[in-house]
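Asks: Below are the structure tokens for one structure; questions will follow.
The values are calculated or read from the model by the stated rules, or taken from the named source; none is laboratory data. Keep in mind it's a predicted model, so treat the numbers as computed, not measured. Cβ coordinates were reconstructed from backbone atoms using ideal geometry, including for glycine residues, and neighbour counts include every protein chain displayed.
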Protein chains: 2
Amino acid sequence: MNKTWGIGIAGLGTVGSGLLDILSTRPNFAPAGGVAKVVGVSARSRSRPRPFDISKLAWFDDPTALALSPEVDLFIELIGGSDGPAKAAVEAALKAGKPVVTANKALIAEHGLELARLAESTGAALVFEAAVMGGVPAVKMLREGLVAEEVDSLAGILNGTCNYILTQMENTGASFADVLAEAQRLGYAEADPTMDVGGFDAAHKVSILAALAFGCAPNYAAADIEGIDQVELLDIRLAHDLGYRIKLIASATREEGGGSVRVHPTLCPLDHPLAQAGGALNGLFIEGRRIGRIYLQGPGAGAGPTAAAVAADIADVMAGASRPVFQRAASDLSQMKAVDPGHRAGKAYVRILVRDKPGVIAAISEALAKAGVSIDSILQRPVDASGVVPIVLTTQPASEAAVADAVDHIAALDAVVERPRMFRIART
Amino acid sequence: MNKTWGIGIAGLGTVGSGLLDILSTRPNFAPAGGVAKVVGVSARSRSRPRPFDISKLAWFDDPTALALSPEVDLFIELIGGSDGPAKAAVEAALKAGKPVVTANKALIAEHGLELARLAESTGAALVFEAAVMGGVPAVKMLREGLVAEEVDSLAGILNGTCNYILTQMENTGASFADVLAEAQRLGYAEADPTMDVGGFDAAHKVSILAALAFGCAPNYAAADIEGIDQVELLDIRLAHDLGYRIKLIASATREEGGGSVRVHPTLCPLDHPLAQAGGALNGLFIEGRRIGRIYLQGPGAGAGPTAAAVAADIADVMAGASRPVFQRAASDLSQMKAVDPGHRAGKAYVRILVRDKPGVIAAISEALAKAGVSIDSILQRPVDASGVVPIVLTTQPASEAAVADAVDHIAALDAVVERPRMFRIART
């Protein structure tokens, strides 16, 4: 029980820094499994100023060399990125039979199956609580706590940056571009924000959760992804007038023999818990036949929560449970499937900018009727000085293929100024 | 990995029935640990009609004999009750080195420390996910997922029966007694409802969560407990007029060298997630320095969720992790402390029924001032035909001892018809 575990940490950003804080102030934090002692570190720059002293720790320029160091019993990968040095080092550790703790959602979402095979072949643990929802133990909940349940669906807010941007747009009335620039200035968004605002980060995360929930191999490539870069302040306000808030919702559904995964800006009713999760919060609904609906909410990122998740994984590895990486042995995992938009049905919000011409509503209605889509509600705002009017309509439940078809036809109308915006409305 | 585990189940009520359903329909549900095979059962009556056939399972009149049967590798205790046959059987199993899964909150809250010592002496696992929040894995979250965090406080709704009664009173305008009678008729409340409505069940549960959160031995005896039997419809309505909903809140706070635990009807702001968790839902806030605030919500009882929690514990035992029963080895657990009402401060709601006499508000104000309690708001309703008027006031933050002192003085006033009702207002 009192074994000392040599810990190698690759990547010394905010999470690595938070982890060093936990391990130095609470070396005996793991109730079951002895002492975690940092024996070596690796990062891009050795000399970069840091809030802690690394001069007494063995330094490795190459994270793979760190992973393979005989002093290292447990390898922590906090480098990030789906490929490159992170993947090489994780593979080296697993091949050597060393347990790996990682916060790298891109790596697990894109290469989870092959890494699980490798880990299971050498008996090394591969755990990644910190990859999703920061300090909220959603991974452990799906991997262990709900293992006796056949989860049917997941839906949540998994990207704090997008949630912060959407919340700020609503609260301050600033545009997407202005709020993004401010978030970058404050360090809440990356210099290249594509992973976050494009929905790719949320898709990585929900791919991992779906794998655990449905017993699938994670398959980011099959995800249907749309980001928040097309959400305008106008849409946030019109949605609010209709009783909704626009959130970037990552969701997953169990399908026959697998599961499907998607990320979309989605209108949530104002009294829905996900509509009320503002700022950088993350929230997740888990639904199953036996358990009903479980809701989890908490800060989805940040040094404290994420480092606490990494440390919990370290404690878990020390406790010595033997489990497959996902919900079943890698050889038994079923497939994640691409979403079929003709198959999936739901209500939609369509916002159209038109020049105020007689007959335009009739033409729009006709385009919808031709596609077999029924209108649920329609809202036209007064004409402004430019002569351009927004028309917003919500549809009755229709297949996504039919709605897309209708939008194509509306976009082609003479009076329509730009391609209409279509957002899904959450099922409640 | 493919070992077959002989499972003995003592107690065949709704949870036992749900568990038999899981184990018979999904014998390979545990990803890591082989097959769970029910080899024997025990219950009060063998012949009672049940939704499943037990004629092919070995029957034991005595649960201890079941626990000790050589066929049984893992003992499941679903009998309930803090003492008697449940405790005897669990002790026998642990003494024999057999892992125990239990849903028995009274047993763990009242005898957790001695059972943990016993389990740790023989190396047998003792797990109890189903004891708290049904299918929501709150126990696992605190025991494992947040192990690297020093949790500062917990607060939540842990008794679905009380939450159902309070919700129904508000929604239907019926009295506590009428809603309780209806809940008993529907099977939502026990024939003797004392454990639920008296707050004792919630106190058992929060004692267990506090032990896991703070590294304490559970100590139900130190809990400060008040139930919902003193909550009248009048208070629910007056609280609503003030912007609050009354909920039975179980909470726990880390104290120097331990923790303290309490259960009280509490006014929660209407926009607070706990105020919005209606019906039989459970909800829990977990707060810590690193993780910030995490919120969990889900159905707190029922055959499906609770049986899924028991099954997850079975899967966990099979996976073979080695951990202490609570957050530290039994020998290192610190003490749970009694709440000191002079020390704890907060806002309070005080409702007073008075005969409409001149000077009564002045006398009430004076009683509060003498006790050093400042009034935050005051609300007087019109006099009804009986000549009795409710006066409601909320206080500014004050020690609970001072508020109790003021209530004593107000109760002694001539114009006051009955002892004032005092409820705490949640800190947000």
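Asks: Of all residues being among the small types (Gly, Ala, Ser) and away from chain A (no Cβ under 12 Å) in segment B:13-29, which is surrounded by the fewest Cβ atoms within 10 Å (Cβ to Cβ)? Just the residue, please. Before the answer, list the steps.
Replies: Pass one, segment B:13-29, residues among the small types (Gly, Ala, Ser): B:13, B:16-18, B:24.
Adding the requirement that they be away from chain A (no Cβ under 12 Å) leaves B:13, B:16-17, B:24.
On the way: B:Gly13: 16, B:Gly16: 26, B:Ser17: 17, B:Ser24: 12.
This residue is B:Ser24.
Asks: Here's something else I'd like to know. Limited to segment A:232-248, what total is found for residues that are assigned to a helix (DSSP H, G or I) and either of a type outside the set (D, E, K, R) or within 12 Å of the chain's Cα centre (by Cα) (or both)? Don't jump to the end; show me each part of the working.
Replies: Within segment A:232-248, the subset assigned to a helix (DSSP H, G or I) is A:233-241.
Okay, now just the ones that are also either of a type outside the set (D, E, K, R) or within 12 Å of the chain's Cα centre (by Cα) (or both), so A:233-234, A:236, A:238-240.
The number of residues fulfilling the criteria is 6.
Asks: With the requirement that a residue be away from every other protein chain (no Cβ under 14 Å), crowded, with 24+ Cβ neighbours inside 10 Å and out of contact with any Pro (no Cβ under 6 Å at 6 or more places or on another chain), what does segment B:99-114 give you? Let's see the steps before the verdict.
Replies: Pass one, segment B:99-114, residues away from every other protein chain (no Cβ under 14 Å): B:100, B:102, B:104-114.
Within this subset, residues satisfying the condition of being crowded, with 24+ Cβ neighbours inside 10 Å are B:100, B:102, B:104-105, B:107-109, B:112.
Result: B:Val100, B:Thr102, B:Asn104, B:Lys105, B:Leu107, B:Ile108.
Asks: Please go through segment A:22-68 and give me each residue that is of a type in the set (S, T, N, Q) and modelled with pLDDT under 95, ordered by number. I'd like the intermediate steps shown before the answer.
Replies: Step one: filter segment A:22-68 for residues of a type in the set (S, T, N, Q), giving A:24-25, A:28, A:42, A:45, A:47, A:55, A:64.
Within segment A:22-68, A:Ser24, A:Thr25, A:Asn28, A:Ser45, A:Ser47, A:Ser55 qualify.
Asks: State which residue is farthest from the other protein chains (Cβ to nearest Cβ) when the search covers only segment B:262-316 and only residues that are polar (S, T, N, Q) and under 30 Å from B:Glu232 (Cα atoms).
Replies: Out of the qualifying residues, it is B:Thr266.
Asks: Another question, if that's okay. Of the residues B:Ala88, B:Ala92, B:Ala65, B:Ala43, only one is aliphatic (A, V, I, L, M) and within 26 Å of B:Gly320 (Cβ to Cβ); which? Quick ask: steps written out before the conclusion?
Replies: On the way: B:Ala88 fails: within 26 Å of B:Gly320 (Cβ to Cβ); B:Ala65 fails: within 26 Å of B:Gly320 (Cβ to Cβ); B:Ala43 fails: within 26 Å of B:Gly320 (Cβ to Cβ).
Only one candidate qualifies: B:Ala92.
Asks: If you don't mind, another one. B:Tyr349 versus (1) within 30 Å of B:Asn28 (Cβ to Cβ); (2) modelled with pLDDT of 90 or more: which is the lone unmet condition?
Replies: (1)
Asks: Specify the residue that is surrounded by the most Cβ atoms within 10 Å (Cβ to Cβ); the eligible residues are those in segment B:332-357 that are assigned by TED's automatic domain parsing to the domain that holds B:Gln380, in a strand (DSSP E or B) and basic (Lys, Arg).
Replies: Applying the filter and picking the extreme gives B:Arg351.
Asks: A further question follows. Given (1) buried (at least 17 other Cβ atoms within 10 Å of the Cβ); (2) within 24 Å of B:Pro305 (Cα to Cα); (3) of a type in the set (Ser, Thr, Tyr), identify the lone condition not met by B:Thr64.
Replies: All conditions pass for B:Thr64, except number (2).
Asks: Hey, B:Asp53 hits all of (1) away from chain A (no Cβ under 14 Å); (2) within 22 Å of B:Ala202 (Cα to Cα); (3) not aliphatic (A, V, I, L, M) but one; which does it fall short on?
Replies: Every listed condition holds for B:Asp53 apart from (2).
Asks: Might you let me know whether segment A:79-98 holds any residue that is within 14 Å of chain B (Cβ to nearest Cβ) and assigned to a loop (DSSP other than H, G, I, E, B)? Walk me through how you get there before you give the answer.
Replies: Going residue by residue through segment A:79-98, those that are within 14 Å of chain B (Cβ to nearest Cβ) are none.
No - not one qualifying residue is present in segment A:79-98.
Asks: Can I ask one more? Restricting to segment A:366-400, and then to whatever is touching a strand residue (DSSP E or B) at 6+ places or on another chain (Cβ under 7 Å), closer than 21 Å to A:Glu418 by Cβ and among the hydroxyl-bearing types (Ser, Thr, Tyr), can you tell me which residue is surrounded by the most Cβ atoms within 10 Å (Cβ to Cβ)?
Replies: Per the criteria, the residue is A:Thr395.
Asks: If a residue counts only when it is in contact (Cβ under 8 Å) with a residue 60 or more places away in the chain, away from chain A (no Cβ under 14 Å) and farther than 20 Å from B:Gly279 by Cβ, which helices (runs of 4 or more DSSP H) contained entirely in segment B:135-231 have at least 1 such residues? First the steps, then the outcome.
Replies: Working: elements: B:160-172, B:176-186, B:194-197, B:200-214.
In segment B:135-231, the matching helices (runs of 4 or more DSSP H) lie at B:200-214.
Asks: Here is a follow-up. Is it true that some residue in segment B:358-372 is of a type outside the set (Gly, Ala, Ser), in a loop (DSSP other than H, G, I, E, B) and under 31 Å from the mean Cα position of the chain (by Cα)?
Replies: Within segment B:358-372, the first condition is being of a type outside the set (Gly, Ala, Ser), and the residues that meet it are B:358, B:360-361, B:364, B:366, B:368, B:370.
Next, from what is left, pick out any that are in a loop (DSSP other than H, G, I, E, B): B:358.
Now drop any that are not under 31 Å from the mean Cα position of the chain (by Cα), which leaves none.
Checked segment B:358-372: no residue is of a type outside the set (Gly, Ala, Ser), in a loop (DSSP other than H, G, I, E, B) and under 31 Å from the mean Cα position of the chain (by Cα).
Asks: State all residues of segment B:53-90 that are over 30 Å from the mean Cα position of the chain (by Cα) and under 13 Å from B:Leu12 (Cα atoms); if no residue qualifies, say none.
Replies: B:Asp53, B:Ile54, B:Leu57, B:Trp59, B:Phe60, B:Asp61
Asks: Say we look at segment A:124-134 and pick out the residues that are more than 9 Å from every other protein chain (Cβ to nearest Cβ) and in contact (Cβ under 8 Å) with a residue 40 or more places away in the chain; which of these is surrounded by the fewest Cβ atoms within 10 Å (Cβ to Cβ)? Before you say what the answer is, go through the steps one by one.
Replies: Pass one, segment A:124-134, residues more than 9 Å from every other protein chain (Cβ to nearest Cβ): A:124-128, A:130-133.
Okay, now just the ones that are also in contact (Cβ under 8 Å) with a residue 40 or more places away in the chain, so A:125-128, A:130-133.
Working: A:Ala125: 21, A:Leu126: 24, A:Val127: 25, A:Phe128: 26, A:Ala130: 30, A:Ala131: 26, A:Val132: 30, A:Met133: 31.
The qualifying residue surrounded by the fewest Cβ atoms within 10 Å (Cβ to Cβ) is A:Ala125.
Asks: Return a yes/no flag: does segment A:347-370 have any residue that is of a type in the set (Ser, Thr, Tyr), free of Cβ contacts under 8 Å to residues at least 40 places away in the same chain and more than 10 Å from chain B (Cβ to nearest Cβ).
Replies: yes
Asks: Only residues that are touching a residue at least 12 places away in the same chain (Cβ under 8 Å), within 21 Å of A:His343 (Cβ to Cβ) and acidic (Asp, Glu): list them for segment A:377-425, please.
Replies: Those that are touching a residue at least 12 places away in the same chain (Cβ under 8 Å), within 21 Å of A:His343 (Cβ to Cβ) and acidic (Asp, Glu): A:Glu400, A:Asp405.
Asks: I would also like to ask the following. Specify which of the listed residues (A:Ala338, A:Ala319) is of a type outside the set (Val, Ile, Thr) and more than 8 Å from every other protein chain (Cβ to nearest Cβ).
Replies: Numbers: A:Ala319 fails: more than 8 Å from every other protein chain (Cβ to nearest Cβ).
From the options A:Ala338, A:Ala319, the qualifying one is A:Ala338.
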